[in-house]
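Have a look at the structure below before the remarks.
The values are calculated or read from the model by the stated rules, or taken from the named source; none is laboratory data. On a predicted model such as this, the values are computed, not experimentally measured, just so you know. Note: areas computed on protein heavy atoms with side chains; ligands, DNA, RNA excluded. Shrake-Rupley method; radii C 1.70, N 1.55, O 1.52, S 1.80 Å.
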Amino acid sequence: MAASMRLLFRRVIRLSHRNVNVTAAGGPGRPAGCWEPPSCRCFSEAAGDRSTHFGFETVPETEKAKRVYKVFENVAQKYDTMNDAMSLGVHRLWKDTLLHVMHPQPGVRLLDVAGGTGDIAFRFLEYVRFQQERQKRRAARSMQAPSWQDISNNYSTEEEDGPQGSRAVVCDINKEMLRVGKQKADGMGISAGLSWVVGDAEELPFDDDQFDIYTIAFGIRNVTHIDQALQEALRVLKPGGRFMCLEFSKVTHPVLARLYDAYSFQMIPVLGEVIAGDWKSYQYLVESIRKFPDQEEFKGMIEDAGFYSVKYYNLTGGVVALHSGFKL
């Protein structure tokens, strides 16, 4: 085991010396004179030929979705392993923080968009079960013991719909990511209250006012039209529903920012090559983070979509930000 770890470490160091050819101003394929903010779509001089970014590369809007789909199709099998490797496991704490801030109660309906491998949905169902058990213990201490009929009804409800009717719907445009997520759920014995749906964040396959909570974790930066995805989130939420987005953002401390940039560009693509056999996909993921709006700009976009009481929380010095807003 020790020998294999040393071999892996040597390979990482060797590959890290590859020339990534990244500059602060942009990258190959970025047109000169394109000064729009990262979240804006650039328009080429040709009439009607709209373009956008794919990492540091400029591509036609119609091509971005196909290329993003291919990225996640390629990395699906190793996606969770790479998350642990890239973040040194800290992504688990970020997702736990999302659930604690959300604080869902039994009976709520969650839509997790771009939720492929199910991390948020699994945490949601576990958190709601914990809240349900806590309520039962409080009832028992208050001498309000449930009848046998109540106990029977509770078990049948949880078996069919999850804890007290709570449901988590995982929606992802990528079928391979959903397949991996469903395999994880089957392996963990999770089925009650959980659904898997193929769908596009920009055109969700749900009616209006259906969900209490909408989450999207590390997915919205891959959407071609972020404003349209935000409008769809508003549409499917019930009045009083909550939008929550966990996404990489702008590091607030200058020293940490330099270290983070060096690690991101020099090590993450290398880890992608070593663990997942895919340098290019993880190079894109790093570049897509730099193209995403900072905390204040994204906050403004959420407000423009129609959400109220919008705020954000910086995690790990701004490496990640948790944005939250409500539909009134």
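Report the relative contact order of region 199-298, percent, no decimals, based on alpha-carbon pairs under 8 angstrom and at least 6 residues apart. Numbers along the way, then the final one.
On the way: 103 pairs, mean separation 26.3, N = 100.
After rounding, I find 26 percent.
Find how much the distance from R134 to V101 grows on full extension, using 0.36 nm per residue of separation minus their present alpha carbon separation; answer in nm with one decimal. Before the final figure, lay out the partial values.
On the way: separation 33, 0.36 × 33 = 11.88 nm, distance 1.78 nm.
Stretched fully, the R134-V101 segment lengthens by 10.1 nm.
Gain in length, R67 to D209, computed as 0.36 nm per residue apart minus the alpha-carbon separation, to one decimal in nm?
Length difference between fully extended and current span is 48.0 nm.
Just how far, in whole angstrom, is region 260-328 from region 180-244 if you go by their alpha carbon centroids?
18
For D227 and L328, calculate 0.36 nm times their separation in residues minus their Cα-Cα distance, and state this gained length in nm to one decimal.
34.5 nm
Ignoring ligands, DNA and RNA, what percent of the 1.4 Å accessible area of region 193-286 is carbon and sulfur?
On the way: 1950 of 3640 Å².
Carbon-and-sulfur percentage of accessible area, whole number: 53.
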